[in-house]
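Everything on this sheet refers to the single structure shown next.
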Amino acid sequence: MLWLDTLPSTQSFLKESNLPIGSVVVANTQTQGRGRHGRVWQSQEGGLYFSFLIDTDFRDFSTLPLVLGYSISEFIDSQGIPSAIKWINDVFVKGKKVAGVLVEKTKKGFVCGIGLNVNQESFPQDLQAISMFLADGKKRNRVDVLLELLSYIGRTLEEFKLVGFPKFREAIKSKLLFLEQEVIIYGEKPIVGILQDIGEDGSLVLLTSKGNMKIVSGDLTLRGLGI
Ligand code: BTN
């Protein structure tokens, strides 16, 4: 494990490095932390920002972000903070984002990046973000948080490798944010529907005016809320 004070991005660092499968890179802050679709990931002091490299030996790898989000959510629950999964790669607490997952495929394997808000005391209003500290008033040792979280992730990935996504489907569904609510998926064009289910392949099933639709990518938002 490599734990540095600051990096542009642990994700870019690991992608460009020659570090072997299993490597974990952590930074206290990032100057160019990034999320999906090239978005900025605010990486100020107090959060946990890390990336790790795993091999590509997975059957259902398109569901990897969802399964990692599930593992993070289980960890956060275990800390006494109830959390939910926002399809496809976010973890929410009290209606705000507490963690995000970014998975990128490279020649060597999957580079998995996780940003978890641990001890931050405030965020800009427009971010709709929360930290574990803001949720329960406890400051945590980030080394302990990382080690515990990595052991959750390790167990989850082992199981995922053995049995694939279907084993996780029900558990993920039961933690899914906006289930049975009217949502908008922003993709090529916006799709409105009631969030009904999560498919065998990790897609979202929406009941739209044209019947059930399977959604494989896009940004999920509660209709009328814009988060
Ligand atoms: C998202 O919400 O779209 C995913 C956010 C992922 C952020 C993490 S922080 C560690 C790693 N390094 C990055 O630059 N991004 C990921």
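Since every read-out is calculated from the coordinates, none of them should be taken as a lab result. These figures come from a predicted structure and were not determined experimentally. When we count neighbours, we look across all protein chains shown, and the Cβ atoms used for this are built from the backbone with ideal geometry, even at glycine.
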Seminar exercise, completed: Check: C-alpha center the range 67-85 vs C-alpha center the range 159-215, spacing in Å is 18 Å
Problem set entry | Violating pairs (Cα-Cα greater than 23 angstrom) within the set Lys94/Lys139; Lys189/Lys214; Lys86/Lys214; Lys94/Lys173; Lys15/Lys167 | Lys15/Lys167
Exercise. Taking the range 163-217, which trypsin sites (Lys or Arg not before Pro) meet the DSSP loop condition and have no more than 13 other C-beta atoms within 10 Å?
Worked result: Lys210
Exercise. Among the trypsin sites (Lys or Arg not before Pro) within the range 1-110, which fall in a DSSP loop and have no more than 15 other Cβ atoms within 10 Å of their own Cβ?
Worked result: Arg39, Arg59, Lys94, Lys107
For this session: Using a 10 Å Cβ count of at most 14 others and DSSP loop calls, identify the longest part of the chain lacking such GluC sites (Glu not before Pro).
Result: 46-120
